[in-house]
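Note sheet for the following structure.
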Amino acid sequence: MMAGSFSTVTANDGTLTLADFTVSGYDAPEWNEDDEEYTGGCDGNFVVQFLSASGTAEARYAWYDNGEVAPGWYNSNGSAISGGASSVSIAPGQAMWIQGRGMKLTSAGQVNENDIAYVTRASGASAVGNTTPVNLTLAQLVVTGYDAPEWNEDDEEYTGGCDGNFVVQFLSASGTAEARYAWYDNGEVTPGWYNSNGSAISGGASSVAFNAGQGVWIQGRGMTITIPAPEL
């Protein structure tokens with residue numbers, strides 16, 4: 001994945017870390033005199049698990065605000081993070097799995113100033129999101145990383161190209177699968193996005209919203225999808 005260039009709009013050094021993320025949406029912990037313990041709060045039941053560029057699971061961290069420790073990020077077993085949450089760097093566009101029902105994860109504000117190119121996994125599906133602070137459209141996403149289609153005189157057909165084997169499946173805010181679209185550049189149609197069955201998108205790819213923070217699943221082994229920097 002191509003590194004981004006960021007313009008800092010918060011009081012840090014411009015490097016996004018785990019410390020720049022906060023969790024909310026739960027009741028504050030309260031001391032219960034009868035049971036002599038805290039109730040409510042978040043006792044490590046909000047977990048983030050970072051994914052590598054190849055999509056494999058890496059380190060896990062949990063948010064604790066249980067009345068007994070300083071609210072913030074810890075290792076998933078509750079122990080302190082060596083170097084603290086500010087030592088855990090988050091690369092531009094890095095993906096993570098989240099477990100934390102009904103809660104909210106908020107990041108510090110930073111604005112990406114150049115395009116982000118995601119190289120998809122060599123096998124399986126890749127998770128990608130619109131990490132810009134503005135809404136985009138499907139038409140603004142470009143797929144590369146495949147051989148251009150070429151006409152084969154002997155077989156009288158095109159070879160190479162991308163014949164709908166790069167597919168994006170949009171996810172709703174709740175994580176459920178929504179519409180699917182595919183990239184075609186097979187020498188027979190205008191290169192671009194189509195419905196996953198190859199038919200034209202009603203209204204065109206520019207009518208398909210890719211909202212800020214929205215995620216998509218991608219099937220397109222080894223190819224690259226580029227998400228443009230916002231026009232600020």
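Conditions: (1) modelled with pLDDT under 75; (2) under 15 Å from the mean Cα position of the chain (by Cα). Residue 7 meets all but one. Number of the miss?
Condition not satisfied by residue 7: (2).
Could you go through the stretch 52-59 and let me know if any residue there is surrounded by 17 or more Cβ atoms within 10 Å (Cβ to Cβ) and either of a type outside the set (Gly, Ala, Ser) or in contact with a helix residue (DSSP H, G or I) (Cβ under 6 Å, 6 or more places away or on another chain) (or both).
no
Can you give me the number of residues within the stretch 43-89 that are in a strand (DSSP E or B), of a type outside the set (Phe, Trp, Tyr) and over 30 Å from residue 221 (Cα atoms)? Explain how you work it out, then say what you get.
Pass one, the stretch 43-89, residues in a strand (DSSP E or B): 43-51, 57-65, 72-75, 89.
Remaining after also requiring of a type outside the set (Phe, Trp, Tyr): 43-45, 47-49, 51, 57-60, 62, 65, 72, 75, 89.
Next, only the ones that are over 30 Å from residue 221 (Cα atoms) stay: 43-45, 62, 65, 72, 75.
Summing the residues that are in a strand (DSSP E or B), of a type outside the set (Phe, Trp, Tyr) and over 30 Å from residue 221 (Cα atoms) in the stretch 43-89 gives 7.
Rundown of residues vs (1) more than 19 Å from the chain's Cα centre (by Cα); (2) buried (at least 16 other Cβ atoms within 10 Å of the Cβ), yes/no style:
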position	(1), (2)
152	yes, no
156	yes, no
159	yes, no
167	no, yes
170	no, yes
174	no, no
181	no, yes
197	yes, no
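Residue pairs, Cβ under 7 Å, 6 or more apart or interchain, first in the stretch 130-143 and closer than 9 Å to residue 230 by Cβ and outside the structural domain of residue 206 (by TED's automatic domain parsing), second among the hydrophobic types (A, V, I, L, M, F, W, C) and in a helix (DSSP H, G or I). List them.
Matching pairs, first to second residue: none at all.
Count, please, the residues in the stretch 36-57 that happen to be more than 20 Å from residue 107 (Cα to Cα), without any contact (Cβ under 8 Å) to a residue 40 or more places away in the chain and under 20 Å from the mean Cα position of the chain (by Cα).
1
If I filter the stretch 103-112 for residues that are assigned to a loop (DSSP other than H, G, I, E, B) and under 15 Å from the mean Cα position of the chain (by Cα), do I get at least one hit? Explain how you work it out, then say what you get.
Filtering the stretch 103-112 down to residues assigned to a loop (DSSP other than H, G, I, E, B) leaves 103, 108-109.
After this cut, where a residue has to be under 15 Å from the mean Cα position of the chain (by Cα) as well, the list is none.
No, that holds for no residue.
The values are calculated or read from the model by the stated rules, or taken from the named source; none is laboratory data. If you're wondering where the values come from, they're calculated on a predicted model, not measured in any experiment. In this analysis, Cβ positions are derived from the backbone assuming ideal geometry, glycine residues included, and neighbour counts consider all displayed protein chains.
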